[in-house]
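Chemist: Pasting in a structure now, in structure tokens, and then I'll have a few things to ask.
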Amino acid sequence: MVRFLSIGYAPSEQIFPASSFLLESRNAMKFFIDTADLDEIREANEMGVLDGVTTNPSLMKKVGGSDFHEHIFKICEIVRGDVSAEVTATDFDGMMSEGRTLAAIHKNVVVKVPLIIDGIKAIKALKAEGIRTNCTPCFSATQALIAAKAGAAYISPFIGRLDDVSNEGMEVIRQIVQIYENYGYETEVLAASIRHPMHVVEAALAGADVATIPFGVIKKLIHHPLTDIGLERFLADWKVYEQAGISGDGVQS
Ligand code: E4P
């Protein structure tokens, strides 16, 4: 159950993460943007509803060019919230070393660690050093259970990629949410590989803690043709009302 504070308005300068306007922020669904594109991150952040960012090597490839660590730092400077940055090593020592370096970039960096045996070991060891991790990519409830036992801060089930192979991605989210609730795991369920607004709706209904959403889908969450038509009509009627006021004529609708 989410309880709302009787707040006024969000300050124009964002002082708190967007979800801090809910009384129990652990229960507030967080919106992350799933991109490494700084312009998209800036634009989404300006809406005032962004709680964090997820990146991955493929998203880095899309933006290209820049120094990875510097790029992650720039993202942390834009958004007040967790920023996931992925290790590329696949052995324990390599992941530990990369994880420490990434975590040192900024306090909001969450280290993405692959869901493999060495990754699970690294999650546990990084947690012991106070470094938060995002265990990824997850495709089953058993994987999520192991990640939670190891102490991952986030588990990232990839909904869209499961749907792509005729498995119901959302069912995996539902199972994980239930399992974590059964045992009180603190690992947050981060619905990833979101492809369209209904994924967001269903992830929210399932109780996912976070949805990481591509910029195009964030915009689709807002758009509704009836809103556009309704607004157009209100503005047209307002013009008529104003003109009637100037000319002194009453206006009948
Ligand atoms: C999450 O952290 C991943 O970056 C992302 O959601 C993957 O999505 P995709 O399946 O669209 O590549």
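Chemist: Please report Rg over Rh for the stretch 38-137, where both radii come from the alpha carbon positions and Rh follows the Kirkwood definition.
Modeler: 0.97
Chemist: Find the centroid of the Cα atoms in the stretch 180-253 and in the stretch 87-126, then give the distance between the two in whole Å.
Modeler: With the stretch 180-253 and the stretch 87-126 each reduced to a Cα centre, they are spaced 37 Å.
Chemist: Which entries of LYS30/LYS124; LYS74/LYS219; LYS61/LYS121; LYS61/LYS127; LYS219/LYS239; LYS62/LYS149 show an alpha-carbon separation above 31 angstrom in the structure shown?
Modeler: LYS62/LYS149, as the Cα separations exceed 31 Å there.
Chemist: Turning to a different aspect of this structure: Quick one: net charge around SER84, please, counting Lys, Arg +1 and Asp, Glu -1 for every other residue with C-beta under 13 Å from its C-beta.
Modeler: Result for the local shell: -2.
Chemist: Roughly how many Å² of VAL110 are accessible to a 1.4 Å probe, to the nearest 10?
Modeler: The accessible area of VAL110 comes to roughly 0 Å².
Chemist: Here is a further query. Along the Cα→Cβ direction, 7 angstrom out, place labels at GLU232 and GLU181. What is the inter-label distance in nm?
Modeler: 4.2 nm
Chemist: Then there's this: If the elastic network links every pair of Cα atoms under 10 Å, which of ASP164, ASP237, ASP209 fluctuates the most in the Gaussian network model of the chain?
Modeler: ASP237
Chemist: Assigning unit charges at the beta carbon (Lys, Arg +1; Asp, Glu -1) and nothing else, what dipole magnitude in debye, to the nearest 20, does the chain show about its Cα centre?
Modeler: 540 debye
Chemist: Something else about it: Under the rule of -39500 (n - 2.57) per DSSP H run of 4 or more residues, summed and divided by the residues of the chain, what mean residue ellipticity at 222 nm is obtained, to the nearest 500 deg cm²/dmol?
Modeler: -15000 deg cm²/dmol
Chemist: Past the 14 angstrom mark, what percentage of all C-alpha to C-alpha distances in the stretch 178-251 do you count?
Modeler: So the pairs more than 14 Å apart make up 72 percent of the total in the stretch 178-251.
Chemist: Taking the DSSP beta bridges in the chain as the whole, what percent of them are antiparallel, to the nearest 5?
Modeler: 5 percent
Chemist: Now, a different point. Normalise the Debye intensity by I(0) for the stretch 61-217, one equal point scatterer per Cα, no solvent, then take log10 at q = 0.20 Å⁻¹ and round to two decimals.
Modeler: -1.30
Chemist: Okay, moving on. Excluding ligands and nucleic acids, what accessible area in Å² is computed for LYS220 using a 1.4 Å probe, to the nearest 10?
Modeler: For LYS220, solvent-accessible area is about 120 Å².
The values are calculated or read from the model by the stated rules, or taken from the named source; none is laboratory data. Values in this document were obtained by computation on a predicted structure and should not be read as measured data. Note that we place each Cβ from the backbone using ideal geometry, even for glycine, and neighbour counts take in every protein chain shown. Heads up: the accessible areas ignore ligands, DNA and RNA and are worked out on the full protein's heavy atoms, side chains in. Shrake-Rupley method; radii C 1.70, N 1.55, O 1.52, S 1.80 Å.
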